[in-house]
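Below is one structure, written out as structure tokens; the observations come after it.
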Amino acid sequence: NQLKKEVFFYGNPFMEKLFIPKNHDNQFFEIALLPGSRLPELLNNMSLMLDLLENISKNKYFRNIRFKFALVNDFNYEHVAQILDKREWELLNNKIEVGNITYKYKSISVDFCWNSFEKILCNSNMVISMAGTAAEQAIGLAKPVIQVIGGGPQFTKSFADAQRRLLGEFVFCALNYKTKQQQIDQTVLLILKTIYLIKLDSSFILSCKKNAKERLGERGSVLKLSSDIYNRILND
């Protein structure tokens, strides 16, 4: 409108590979954990997410939820093991040869995974995020997102505010807190509320899908974009 230009929205190319059908095990409710990809901020994000999970473990309802971290290779197994051992988490399963280890904390178990982002995101029912592009892709797949505001430099309060404006009403975030514990308590309540909506309110998922189409588009964006460019070249 500002430049008085004609605009066509064909979708976002970075969604295309995620629209490929995946085998989804519907037996479990899965929550993807996306702490971001940049070190050293990732270390602080991971610490805050672990604080959140440790508080979640107090509620036995969550013992039937699968939590899965999608981690970058720069944040390797040794980093994770060192952090969790200090926090008294219990190692349940070590399959590092296939990029997966499982730890337990009280009533919950958590998978820490490498080279599995697409699979984790596609199979998840919802997302807890301190990431940028990955949260966009989650919304594009109609997955509700719970933001956890960190200390930056990337995932700050202002960044989270902008992300909610751009991605719509299915990005939720605790905002009115004064301490970290208040932030965690409010975030746990948001997670419980979102699980309730996913499981019991059929209109909620339909609205998530509508929002996904409006914000990120549908399958076929690459073909539509390339065809449009090709036709414009031919007609010039």
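The values are calculated or read from the model by the stated rules, or taken from the named source; none is laboratory data. Here the structure is a predicted model, which is why all the values come from computation and not from measurement. Backbone-built Cβ (ideal geometry, glycine too); neighbour counts: all protein chains shown. We work out accessible area using only protein heavy atoms, side chains counted, and drop any ligands, DNA or RNA first. Shrake-Rupley method; radii C 1.70, N 1.55, O 1.52, S 1.80 Å.
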Return the only residue of D74, D111 being open to solvent by 10 Å² or more (accessible area, probe 1.4 Å) and in contact with a strand residue (DSSP E or B) (Cβ under 9 Å, 6 or more places away or on another chain). D111
Does any residue of the stretch 158-173 turn out to be in a loop (DSSP other than H, G, I, E, B), within 24 Å of A70 (Cα to Cα) and in contact with a strand residue (DSSP E or B) (Cβ under 8 Å, 6 or more places away or on another chain)? yes
If we keep only residues of the stretch 128-157 that are among the hydroxyl-bearing types (S, T, Y) and in contact (Cβ under 8 Å) with a residue 12 or more places away in the chain, then the residue most open to solvent (accessible area, probe 1.4 Å) is T133
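Hey, among the residues in the stretch 85-105 that are surrounded by fewer than 20 Cβ atoms within 10 Å (Cβ to Cβ) and touching a helix residue (DSSP H, G or I) at 6+ places or on another chain (Cβ under 8 Å), which one's modelled with the lowest pLDDT?
Residues of the stretch 85-105 that are surrounded by fewer than 20 Cβ atoms within 10 Å (Cβ to Cβ), as a first pass: 85-88, 90-100, 102, 104-105.
Imposing the further condition that a residue be touching a helix residue (DSSP H, G or I) at 6+ places or on another chain (Cβ under 8 Å) reduces the set to 87, 91, 96, 105.
Details: R87: 95, L91: 95, I96: 81, Y105: 96.
Ranking the qualifying residues of the stretch 85-105, first place goes to I96.
Could you tell me how many of the residues in the stretch 190-236 are part of a loop (DSSP other than H, G, I, E, B) and surrounded by 13 or more Cβ atoms within 10 Å (Cβ to Cβ)? Give the derivation first.
To start, the set of residues in the stretch 190-236 that are part of a loop (DSSP other than H, G, I, E, B) comprises 201, 217-220, 236.
When the remaining residues are screened for being surrounded by 13 or more Cβ atoms within 10 Å (Cβ to Cβ), the result is 217-220.
Number of matching residues: 4.
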Say we look at the stretch 118-140 and pick out the residues that are in a helix (DSSP H, G or I) and of a type in the set (A, V, I, L, M, F, W, C); which of these is farthest from I184 (Cα to Cα)? C122
If you check every pair at least six apart or on different chains, which have Cβ atoms under 6 Å apart with a residue in the stretch 197-211 that is over 11 Å from K143 (Cα atoms) first and a residue that is open to solvent by less than 50 Å² (accessible area, probe 1.4 Å) and not hydroxyl-bearing (S, T, Y) second? L197/F204
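Of the residues L48, L42, which single one is at pLDDT 95 or above, surrounded by 12 or more Cβ atoms within 10 Å (Cβ to Cβ) and not in a loop (DSSP other than H, G, I, E, B)? I'd like the intermediate steps shown before the answer.
Numbers: L42 fails: at pLDDT 95 or above.
The match here is L48.
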Among the residues of the stretch 172-195, which ones are in contact (Cβ under 8 Å) with a residue 60 or more places away in the chain and of a type in the set (D, E, K, R)? K180, D185
Of (1) under 24 Å from A134 (Cα atoms); (2) charged (D, E, K, R); (3) part of a loop (DSSP other than H, G, I, E, B), K178 fails just (1)
Kindly indicate whether K17 is on the phi > 0 side of the Ramachandran plot, outside any strand (DSSP E or B) and basic (K, R). no
